[in-house]
Amino acid sequence: MKSIPVCDYEGSDYQTSFWEQGARRYEDAVEAVALRRLLPAGGKRLLELGAGAGRNTPRYQGFEEITLVDYSHTQLQQARQRLGDSPRYRYVAADIYYLPFSAGVFDAATMIRTLHHMVEPRLALEQVRRTLQRDAVFILEYANKQNLKAILRYLLRRQSWNPFSPEPVEFAPLNFDFHPATVREWLKVSGFVIERQLTVSHFRVDLLKRLLPLSLLVAMDSLAQWTGNLWQLTPSVFARCRAVGTFATGQGFFRCPACGQEGLADTPPEILCPSCGQRYPVRDGIYDFRLEKRR
Ligand SMILES: C[S@@+](CC[C@H](N)C(=O)[O-])C[C@H]1O[C@@H](n2cnc3c(N)ncnc32)[C@H](O)[C@@H]1O
Ligand SMILES: [Zn+2]
């Protein structure tokens, strides 16, 4: 089995340091606007990929059941503290490249601020697509290399990488910015059509965030988001996609990420794969389907 490096948030205080103390109320608010615009009114089962500490989860109001996936057990513990133990939420520690769900079990999925950690983004998108039903909605947020700041820095020769070229740029280990045209191509070949693109965080500039009232910045960004289908020059892009093409018929809900056997019986505190014998623990209400790591 191929081992693909994962950006590990285990033990990280990301939610507090990045969001709550990191002066990112603007980014959080404009992402909320984009999600509101793109999410369907409701549905049955939503899969949240790279859910982290569940910052966005309360925004998925209309869905009956939400499955939070993250590679980090501690991020999911924080999410569980925030959201509680309602049967509406399922917490799953798993690797997006080896998702432990049968084909076609979700009618919606979101992946926010997570694709930028993927060294094999196309593989990740193919995995997501496999778990979706026909016509399921997938909302993808990605970090855009062709953003205004990067373009200016490049033109002023303060940045070596070219924001216009199609390949991803790894600006820090396991942190990538992507070209919008490349992401669109990956989505297409993975079995998605894009219905709408919103550009988000037009005013992600410290000086502006300090000088202008938050409500004004959010209002201006909300307006500018609608240009997202025409051009993409913001650091963040949201795309609402629909799953199309051919669909396999799945069995049950859980699938063994090691051998691909579907229809695993949901038997906490441990799930056993009858096909390969792999065991997956369920601890503190969190399913652990990670293949290389058990904490
Ligand atoms: C920047 S955080 C975003 C969290 C949340 N979506 C948000 O916007 O607040 C990225 C998350 O992706 C998770 N992640 C990174 N690579 C992963 C992988 N291969 N499989 C599952 N989760 C992964 C990390 O553990 C981390 O919690
Ligand atoms: Zn198995």
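The values are calculated or read from the model by the stated rules, or taken from the named source; none is laboratory data. Every value quoted in this text rests on a predicted model; they were computed, and no experiment measured them. Neighbour counts run over all protein chains shown; Cβ positions are idealised from the backbone, glycine included. Protein only, heavy atoms only, side chains kept; ligands, DNA and RNA dropped before computing areas. Shrake-Rupley method; radii C 1.70, N 1.55, O 1.52, S 1.80 Å.
General remarks:
- Any hit, region 94-106, residues being out of contact with any Ser or Thr (no Cβ under 9 Å at 6 or more places or on another chain), more than 16 Å from ligand 2 (Cβ to nearest atom) and charged (D, E, K, R): no
- Residues of region 36-62 satisfying the condition of being crowded, with 20+ Cβ neighbours inside 10 Å and not in a loop (DSSP other than H, G, I, E, B): LEU38, ARG45, LEU46, LEU47, GLU48, LEU49, THR57
- Which listed residue, of ALA224, ALA219, ALA265, is under 29 Å from THR182 (Cβ atoms) and small (Gly, Ala, Ser): ALA224
- The numbered conditions (1) aromatic (Phe, Trp, Tyr); (2) open to solvent by 20 Å² or more (accessible area, probe 1.4 Å); (3) more than 24 Å from LEU230 (Cβ to Cβ) are all true for PHE106 except (2).
To keep it simple, each residue is scored yes or no on (1) within 27 Å of ARG255 (Cα to Cα); (2) open to solvent by 50 Å² or more (accessible area, probe 1.4 Å).
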site: ARG122; (1), (2): yes, yes
site: ARG134; (1), (2): yes, yes
site: LEU148; (1), (2): no, yes
site: ARG153; (1), (2): no, yes
site: SER160; (1), (2): no, yes
site: PHE164; (1), (2): no, yes
site: HIS179; (1), (2): no, no
site: LEU187; (1), (2): yes, no
site: SER190; (1), (2): yes, no
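- When region 64-92 is filtered for residues that are assigned to a loop (DSSP other than H, G, I, E, B) and either within 15 Å of ligand 1 (Cβ to nearest atom) or under 12 Å from ARG45 (Cβ atoms) (or both), the ones remaining, listed by number, are TYR71, SER72, ARG88.
- Taking each residue of region 146-161 that is more than 21 Å from SER201 (Cα to Cα) and looking for partners that are aromatic (Phe, Trp, Tyr) with beta-carbon atoms closer than 9 Å, six or more apart or interchain, yields SER160/TYR154; TRP161/TYR154; TRP161/PHE171.
- Strands (runs of 3 or more DSSP E) enclosed by region 176-295 - at least 2 residues per element that are of a type in the set (Lys, Arg) and away from ligand 1 (no atom under 16 Å from the Cβ): 236-243, 279-283
- Any chance VAL183 is buried (at least 16 other Cβ atoms within 10 Å of the Cβ) and in contact with a Leu (Cβ under 8 Å, 6 or more places away or on another chain): yes
- Residues that are in contact with a helix residue (DSSP H, G or I) (Cβ under 9 Å, 6 or more places away or on another chain) and open to solvent by less than 10 Å² (accessible area, probe 1.4 Å), drawn from region 73-96: GLN75, ALA79, TYR91, VAL92, ALA93
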